[in-house]
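Below you'll find the structure, written out as structure tokens, and then a few comments.
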Amino acid sequence: MSAEAVIQTRNLSKTYRDFWGRPKVRALNSLTLDVNRGEIFGLLGPNGSGKTTTLKLLLGLLFPTEGDVSVLGKPAHDVSKNERIGYLPEESYLYRFLNADETLDFYGKLFDMPSKVRRERRDKLIEMVGLQNARRRQLKEYSKGMTRRIGLAQALINDPELVLLDEPTSGLDPLGTRDMKDLILKLKEQGKTVVMSSHLLADVQDVCDRIAILYAGELKVVGNVADLLQSQDETQILSSQLSPEAVQEVEAVLARHGATVKRVSHPTSTLEDLFLRTVEESKARPGRRFGPGEGPAAKS
């Protein structure tokens, strides 16, 4: 994975104002974050934590109140960069009376793609998301899972370098969720950078390389998923051929019982545990940020 940052935010803040221009809600507060090329990065947080606001700031759909944001080497307000970005919103606002072929052809035209290229991309994407048997049906007849699939295909029609996914598994059944996660992993294999926000912690844990947890618009935790979930104050030993008597003995005497130490590592918790601890600690200690080896991430 390249260390090149495709997204950089520095003290990024967003305050929504009322009709008279008075500050109403501070949705994001001094977010400083890097997302590296080729990784899957997860944004986590309760409702109202600033996840969707962050994605819209990256796209240039919103303007920051303070701070700077750079995407693919350009300021976020430079709309030309969006030609290299794919975006799947939480609700896909697609034309219900078009079918899959017509939908992808329409969005391909928005990128001035030649007809031959559009057809090739359309056919490839429809096969990729598994809609070959429903490509002629109008989108109004699609299930939630099928709508998310065609929404992802639409986000990829321009073969983007960076893909932003807002709640990609929202409303999907277990099979649809698994398929969506496989598609996200396939995007990484193709060299694309993926940023996804989600409430479904197990999904994020399954696919993300790094995560950031936001609470009340502030960054609380950021880091590698495996590192964040390790319990640093405990050590576990995985062994083979270990008799019940040897369980009570120390590592130095395992050889006498015919056991071989396969791995010595730190036990891990789950992303759900980390998320809930972070939220509780954030409520108890506002303004505090935690990292690997400290605060909620260090507890078992």
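Here the strands (runs of 3 or more DSSP E) wholly within the stretch 185-233 that include at least 1 residues being closer than 23 Å to Val129 by Cα, hydrophobic (A, V, I, L, M, F, W, C) and under 14 Å from the mean Cα position of the chain (by Cα) are 193-197. Every listed requirement among (1) modelled with pLDDT of 70 or more; (2) exposed (fewer than 15 other Cβ atoms within 10 Å of the Cβ) is met by Arg288 save one, (1). You will find that of Gly48, Gly67, the residue that is surrounded by fewer than 19 Cβ atoms within 10 Å (Cβ to Cβ) and in contact with a Leu (Cβ under 7 Å, 6 or more places away or on another chain) is Gly67 and no other. In the stretch 267-278, the residues that are touching a residue at least 40 places away in the same chain (Cβ under 8 Å) form Cβ pairs under 8 Å with partners that are of a type in the set (D, E, K, R), at six or more places apart or across chains, as follows: Thr278/Lys220.
For the structure I just gave you, tell me whether Ser30 is touching a Pro at 6+ places or on another chain (Cβ under 7 Å) and over 21 Å from Val194 (Cβ atoms). Here the answer is no, as Ser30 does not meet what is asked.
The values are calculated or read from the model by the stated rules, or taken from the named source; none is laboratory data. Just so you know, these numbers come straight off a predicted model, no measurement behind them. Methodologically, a virtual Cβ is constructed for each residue, glycine included, from the backbone with ideal geometry; neighbour enumeration extends over all protein chains shown.
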